[in-house]
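The values are calculated or read from the model by the stated rules, or taken from the named source; none is laboratory data. Because the structure is a prediction, the values reported are computed rather than measured. Cβ sites come from the backbone with ideal geometry, for glycine too, and all protein chains shown count toward neighbours. Note: areas computed on protein heavy atoms with side chains; ligands, DNA, RNA excluded. Shrake-Rupley method; radii C 1.70, N 1.55, O 1.52, S 1.80 Å.
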Amino acid sequence: MAVGVTVAVLATGAAFAAAAGPWVLAGVLLAAQIVLGWAWTCSLGASAGTVVLVAGSALAGDLAVLWPGDGVAGGHGYDDNGIGTVAGVIGVSLAVTVLYQLARRVYRPGRAVASAATAGAGDPATGDPATGAPATGDADPAAARPSRAADRVSGDMAAALGGVAVTAFLTGFLVLRSEAAAPNPADSMVIAGLVGVGTSVLVGRLVATLADLGGGVARAVVLAGAAVGAVAGAGAGALYGSLTDLGAARAAALAAAGAVAAGCVSLLLGRPGPETPSGGPGPETPSAPDAEPRAGVLAPGGALAGVLLGALLPIALAAPMVYLVGRQLPG
């Protein structure tokens, strides 16, 4: 339930920021992007340099949208609203990510392996003086180090690539808010999408929480909660649109796009698993071959990272859907 409340608070804050202007929304989104990047990389056990790289990519993408167009900050035209520049920033970020991981692989693990090999060669106690092979039949511990180093770099690479992508998704809200000459009010379109996201996750988590209090969450209950949340999100968007110039139908479409995307993310992150008598996640045992961690797809690096991922990933992955629908809405 903490995730649902956090999503509602974040969506509300971002909605007020969207009404205040592109720069205010950019500030809120950048803070969310940095926190999301940290939680993502923490959950995947990435290096500190990856966190900095993801945060720098998010900042560059936001600034690309806000770069003056036609003399107005963030005033890119409806047909050229900065999305191409954001794609270029993402491309550069991915290239930097590859170079960073290659540097880690070449300079850090390489030296450690070389030092270990040099120390082992010629030591009668640890290996043959001529070949440096181990004196016993056991496998050389140093031989496994390149593989472990490669695994670390591969995992860090996956965390970096994913972090750059998921934080860039949030920029979609900023692009939609900043475009000039749009047929519909830009701030209202963003707010409608955020209303759908916040309502969807909050209602879905509320249903799952109430069911949990009644004796455990089944997969069908989680799915039902996500479906009810999506419908509630679309309804909340229609209500918002009926009170603004956007209109109920257009607002409902934007809210439904965000609500469905957020509901899918919440469904994956909130999948139930077996529990121990104390209420914690139960270990996988031979008697429970289908056991799944309660945390869902990602195994959080900590309770705080888990809550932040559960709250920010639905908003981030809903942003591209809201942007796509917003771009297609008739005036």
Of (1) at pLDDT below 85; (2) in a loop (DSSP other than H, G, I, E, B); (3) surrounded by 15 or more Cβ atoms within 10 Å (Cβ to Cβ), Leu246 satisfies every one except (1)
Please pick out the residue among Val195, Val260, Val207 that is open to solvent by 10 Å² or more (accessible area, probe 1.4 Å), outside any loop (DSSP other than H, G, I, E, B) and at pLDDT below 90. Val207
Just a yes or no: is a residue in segment 98-114 among the aromatic types (Phe, Trp, Tyr), closer than 29 Å to Asp156 by Cα, open to solvent by 70 Å² or more (accessible area, probe 1.4 Å) and modelled with pLDDT of 65 or more? yes
